[in-house]
1. Out of the residues in region 18-30 meeting the condition of being of a type outside the set (D, E, K, R) and in a helix (DSSP H, G or I), tell me which one is most open to solvent (accessible area, probe 1.4 Å).
2. Which residues, taken from region 67-88, are charged (D, E, K, R) and crowded, with 18+ Cβ neighbours inside 10 Å?
3. Hey, does region 34-46 have a residue that's β-branched (Val, Ile, Thr) and more than 9 Å from the chain's Cα centre (by Cα)?
4. Identify, from the list VAL58, VAL10, VAL49, the residue that is open to solvent by less than 50 Å² (accessible area, probe 1.4 Å) and more than 17 Å from the chain's Cα centre (by Cα).
Amino acid sequence: MFSVAVKDHVMIAHSFRGDVFGPAQRLHGATFVVTTEYKAAELNDDGIVIDIGLATIVLSKVLEPLRYRNLDELDEFEGQNTTTEVLCRHIHRRLAKELEHEFKGTLRVVIEESHVAWGSFEGPL
């Protein structure tokens, strides 16, 4: 299996519902490091998994509507806790739409909340 990964970051604000989240139930900010890892069993005709430049541009495009936003105010997250896992799935789905004709394989989205905690979502494109 071959893989290529690119990174970006996004600064957001949000809050959570549920006692399990303790003080994070209050509005708070976060800076997430987002890594997208593209995996393929075979290289394409150009000898690559995906064009790194394209992967970088598309990731930035997908993150742009979230940058410096309070996720609690976005319709697309209405009724959801914007946990790391939920955000990974959201980013994965957006990237899948953007890259529908550009990449065939598996995509793993990882969001690092800190240097000691992260979550991910992985699935086919």
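1. VAL20
2. none
3. Scanning region 34-46, I find no residue that is β-branched (Val, Ile, Thr) and more than 9 Å from the chain's Cα centre (by Cα), so the answer is no.
4. VAL49
Here is a yes/no grid of residues against (1) touching a strand residue (DSSP E or B) at 6+ places or on another chain (Cβ under 6 Å); (2) closer than 15 Å to SER3 by Cβ; (3) open to solvent by 40 Å² or more (accessible area, probe 1.4 Å); (4) outside any strand (DSSP E or B):
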| position | (1), (2), (3), (4) |
| --- | --- |
| PHE32 | yes, no, no, no |
| PRO65 | no, no, yes, yes |
| HIS90 | no, no, no, yes |
| ARG94 | no, no, yes, yes |
| VAL109 | yes, yes, no, no |
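The values are calculated or read from the model by the stated rules, or taken from the named source; none is laboratory data. Bear in mind the structure is a predicted one, so any value in this text is a computation, not a measurement. So basically every Cβ, Gly included, is an ideal-geometry build from the backbone, and we count neighbours across all protein chains shown. Keep in mind that these areas ignore ligands, DNA and RNA; they rest on the heavy atoms of the full protein, side chains included. Shrake-Rupley method; radii C 1.70, N 1.55, O 1.52, S 1.80 Å.
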